[in-house]
Amino acid sequence: MVSRVIPVEAFDLVIFGGTGDLARRKILPGLYRRFYDGQMPEDARIIGAARSEMDEAGFRQFVKEALKEFVSKRYDEEKVATFLEHLTYVSVDAMGTDGWKDLAKVMRKDVVRAFYFSVGPSLFGEIAERLHKYKIADDDSRIVVEKPFGNNLETARALNRTLAEHFHETQIYRIDHYLGKETVQNLMAVRFANMLFEPLWNAQYVDHIQITVAETVGVGGRGGYYDKSGAMRDMVQNHLMQLLCLTAMEPPSKFEPDAVRDEKLKVIRALQPVEPGDIVRGQYKSQKESYIDDVENPRSITESYIALKVEIANWRWNGTPFYLRTGKRMKERVSEIVVRFKEPPHSIFEEDTGQTANELTIRLQPNEGMDLTVTIKEPGPGGMRLIDVPLDMTFAEALGEEAADVPDAYERLIMDVIRGNQTLFMRGDEVEAAWAWTDPLIEAWESREERPHAYEPGSIGPEEALILMHRDGRRWRELRS
Ligand code: BG6
């Protein structure tokens, strides 16, 4: 089963930071894959823009190398050669005057113009201003803005204001690549295209929800950025927050940008402040490998792991906690949402028969899929013994390998930019609301100069995070991919 590929309109996509790491790893390979699948039209053009002095041939060679490294199955010499013909390069100084007139000259009229800001946030304003000054952007142009979108509420507001000086909200695409993941969108399909789950999706039937994003990688190579952010800013304020919103939100009236984003915003605004006792921060550390060495800051008290218990103050979720956890250098790479239902109100079976509560797990990565544990009678004679069995649906098995070869989040999101669909992008007020909730939590532990708990690299995180759940008579689902 293969999905239909509908080509998008002709476009000129300028990638600022076109020779940077994100462009190399994600954006350019993603565009190639869309080209390979026939979604990128003949007259699409990709314009690399960066400070490096490079000519068109040099940029094409750079992209070819990137594709060799990051496009596995679909790498095909002939296709790559044709794809490269769509590419050109302009050397531009984001903070100065050089190159802007050249960029203006290469842009075509009557095609969608999109500008990907794959650069540090300090350049967003500079680029936005010059795009207007040199008349490179018009009212239909789109800009794509990468995270981090600010470092706190104040800086996020300032960024929003700067961008708003030059672009309408409908032109601004704030990327959270988690929203482009196949299973994240599937969460909406599962909830709102089935009758089965939604009637039970509330505090009356759900005991608690767990959201886990565990990574095996450390912070090596990105230490400078990461040490100023930590897991809270790097992962919770954006990716986990988005997962929480999609899990908790009310059904939007339509699958349309503002209908969806309004509902997500209501969830963020209903988040309760988290008590210090409901937050566990950790930092990986062992004899051989430690966070402080990776970030080259022996005094760092930044967290590479965080677990928190979050409450949503609204009718649907009153009394149902959401436990979030994310960390680097953990045992497995697993991202999943677990909905743990309550036990039946009365059991007709004897105690110790083995009855437990149902659990729905939505696996975002790896092995995208869902499973639902159902309690059944253990087969065989000898009385009523109950066991839990999973109704397991791994998409690769259920739909075939080809259908499970899903596009990378970036591919989908860039095509959405060209289509002008903002559903999977964050609105300015959403980002600000997320910081407004996050800021006081960070300020509280910073003011106490709180040290994170140590955890072994390759483990499930600090002990204290287990206690966070045990205390409530609950436990984390085992980390397994
Ligand atoms: C990024 C974070 O936004 O997401 C990284 O900055 C993190 O620290 C990454 O590793 C995780 O993304 P994925 O798609 O690999 O789960």
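The values are calculated or read from the model by the stated rules, or taken from the named source; none is laboratory data. Small disclaimer: the values here were computed from a predicted structure and weren't measured. Positions of Cβ are generated from backbone atoms using ideal geometry, with glycine treated the same way; all protein chains shown enter the neighbour counts. Please note that ligands, DNA and RNA were not included when accessible areas were found on the heavy atoms of the full protein model with its side chains. Shrake-Rupley method; radii C 1.70, N 1.55, O 1.52, S 1.80 Å.
Summary table below
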read-out: Residues residue 98 and residue 388, FRET efficiency given R0 of 45 Å [Cβ-Cβ distance, rounded to 0.05]; value: 0.10
read-out: Exposure rank, largest accessible area first [73, 79; 1.4 Å]; value: 73, 79
read-out: Tensor-based shape of the range 201-360 (alpha-carbon gyration tensor, a/c under 1.5 rounded, otherwise prolate or oblate); value: oblate
read-out: Kirkwood Rh, Cα atoms: Rg over Rh of the range 1-96; value: 0.98
read-out: The chain, Cα convex hull volume normalised per residue, Å³; value: 169 Å³
read-out: Amide H within-cut-off set for residue 364, under 5 Å, with H built and near neighbours excluded; value: 335, 336, 337
read-out: Dipole moment magnitude, nearest 20 debye, the chain about Cα centre, only Lys, Arg, Asp, Glu C-beta charged; value: 340 debye
read-out: 30 Å Cα-Cα threshold exceeded, pairs from 101/181; 109/181; 64/109; value: 101/181; 109/181
read-out: Pairs from 147/228; 26/68; 105/135; 285/309 whose Cα-Cα separation, in the structure shown, is over 18 Å; value: 285/309
read-out: Chain lengthening between residue 204 and residue 472 when straightened (0.36 nm per residue, less Cα-Cα); value: 94.7 nm
read-out: Nearest-10 value in Å² for the accessible area of residue 207, using the 1.4 Å probe; value: 40 Å²
read-out: Mean separation of Cα contacts under 8 Å (6+ apart) over length of the chain, as relative contact order %; value: 18 percent
